[in-house]
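No value in this document is a laboratory result; all are computed from the given coordinates. Given the structure is predicted, the values throughout are model-derived calculations rather than measurements. Because the Cβ atoms are built from the backbone with ideal geometry, glycine has one as well, and the counts that use them run over all protein chains shown.
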Amino acid sequence: MTVVALARNASLGQNHPLSQLIGSTGSNVVDLKLESSLTNDQLAALIDAIALEKNRDAFARLFEHYAPRLKAFGLKQGVSSAKVEELVQETMLMVWRKSESFDASRGTASNWIFTIMRNKRIDMFRRQKHPEYELDEGMDIIDPDAGPDDQVNAFQERARIREAVNSLPNAQMEIIQKAFFEDKPHGEIAADLDIPLGTVKSRIRLAMARLHVLVEEKV
Amino acid sequence: MITHHPEIELLFDYASGALPEPMALSIACHASTCRHCCDQLHKLEEMGGALLEDAAEGGVKASELEAVLTRLDDVEIKSESLPSSTFDEATSKTIPKPLRFYLPGNLKDLKWRHIGRKVSQYNFDIDVAGYKVSLMRFKAGTPMPIHTHKGNEATLVLAGGYSDQGRHFERGDFDAKDPSHTHQPIVDEGEDCIALVVIDAPVILAGPFSRFLNPFIKL
Ligand SMILES: [Zn+2]
C-alpha cells in the first residue's frame, strides 16, 4: 500500500473525493452516471478505495470511466472488435488485483491504467512479457546528478497533461500517435514518414520538453 | 555513477510498447537503477495516459461490467511473483528486480558456460525469435576477446566495469553497439564484470510484429 493511499484514507471525510462519488455507505452505481467528469484526484481515490477496502462500487465507477476509453483505444490500435472486450476485461481485472501497486506520486491514474493495458495487450497478442520497472533505492546506484524527481510531480494534473498533449504541434503528435496507436518503433515511424531517424529523435525530445513547459507554466 | 543512458527513442519505444521483450527487459533493468531514466519513462507513459483519457468512448454494455464483477473474486494464478528472499545476497545485490523473474537460482549456481578461462556465459530462456539474452561474466583486469557482431548488442553493466575506446562503463551503465563496432573492451581491475547482454541476430520476424526494425540504430 502506498503512503499516498494511507494519507487519503486517514483523511476520508466529507471532502474526500470518494465520499461524493460513492457515498459513505457505497451508493448504487447507477446514481453516479450523472457525474460528468472525474478529476485525477477522484480517479486516484477510486483506485485507493479498491486497494484499501476492495470497494466494488469504486471499481464499478472506475470501470464506467475507463472501459469505454480502453475499448476505443484498443480499437484504434487495431485490436479486433471480437477481442477488444476481452482486452478491456483483462485490463480492468488487473486494475482490481494490482490496485495496491498504484502510486499517485508516480503518475496519473490514466498513466497507470494505460501501462496495464499495454502490458496485457503485449501478453495477449504477442505472447511476450513487458518487464516493468520500479526505481530500486536499495540498488544504490542512482545517478546523483539527476536530482529529486520533482519533474514527475508536475505531471500529476491530468487535465493539464491532456491539454498539453493536445496542444503539441502536428509533427510531434503524429509521431506519438504512430507509436502509441500503431504500435510502431521509432525506426519504422521514420521509414513511414520518410524522415531521418534524427528527426524522430528530436521530435520526441521537443515533445517531452514542451509537455514539461506547458505543464509547469500552469502550476 | 551512471553516465551512459539508453537513447530517448529507446525509452519512447519502451513506453509505447513497441520493444520486444528482451530489449524491454534491458531498459526496465536500467530504469530500475537510474532515477533519471525512470523519470523519463514516467513522462513518456503519461503520453499514453493522456491519449487513453482522450480516446473517444467506445460503447460498453452493462453486461461487460457484470462479467468482470463476477470474476473479481477468482483466485489469481500467480506465475510471476518470486520472492527476492529466494536469492542470496550476492545475487540480489547484482541482479535488478525485473531480471530476477527470469533467474532460476543464485548467480553461483547458474549453469555457466565457459568460453576460455576468462569469460563465462549464462543464456536466459527467453523465447523471442531473433534475440539472445545472456549474462556474461568477464574476469577482472583482462581484455575481453576482440569481437564484432552480426547483429546489434545492448549491454547493461551489473557489476564491475570496463573501458572501451576511451569510454568507461560501470554498474548501471547502458551500452548499445551496432555491427559497425569492432571493439576490445578492457575489464576493470579488482572485480569481475557481470553484464546483461541482449543481441539481436539478423533474423526477419514473422507475424503481426514483423515490422520491428533495428532498435539500436545510433543517430
Ligand atoms: Zn538512465
Subject >> The listed residue being charged (D, E, K, R), closer than 25 Å to B:Ala67 by Cβ and in contact (Cβ under 8 Å) with a residue 60 or more places away in the chain, out of A:Glu86, A:Glu100 >> reply: A:Glu100
Subject >> Single condition B:Ala129 does not satisfy, out of (1) without any contact (Cβ under 8 Å) to a residue 40 or more places away in the chain; (2) among the aliphatic types (A, V, I, L, M); (3) over 30 Å from A:Leu135 (Cβ atoms) >> reply: (1)
Original post:
In the stretch B:8-18, which residue that is facing chain A (nearest Cβ under 7 Å) and either without any contact (Cβ under 8 Å) to a residue 40 or more places away in the chain or surrounded by fewer than 24 Cβ atoms within 10 Å (Cβ to Cβ) (or both) is nearest to the ligand (Cβ to nearest atom)?
Top reply: B:Ile8
Original post:
If we scan the stretch B:50-64, do we find a residue that is within 16 Å of the ligand (Cβ to nearest atom) and aliphatic (A, V, I, L, M)?
Top reply: no
Original post:
Name the residues in the stretch B:101-120 that are under 13 Å from B:Asp192 (Cα atoms) and within 14 Å of chain A (Cβ to nearest Cβ), would you?
Top reply: none
Subject >> Lone qualifier among B:Asn123, B:Asn152 - being surrounded by fewer than 17 Cβ atoms within 10 Å (Cβ to Cβ) and within 24 Å of A:His130 (Cβ to Cβ) >> reply: B:Asn123
**OP:** Report, by residue number, each residue of the stretch B:151-194 that is outside any strand (DSSP E or B), away from the ligand (no atom under 16 Å from the Cβ) and within 21 Å of the chain's Cα centre (by Cα).
**Re:** B:Gly151, B:Gly160, B:Asp178, B:Pro179, B:His181, B:Pro185, B:Asp192
Original post:
B:Ser32 passes all but one of (1) touching a Phe, Trp or Tyr at 6+ places or on another chain (Cβ under 9 Å); (2) within 16 Å of the ligand (Cβ to nearest atom); (3) more than 7 Å from chain A (Cβ to nearest Cβ); which number fails?
Top reply: (3)
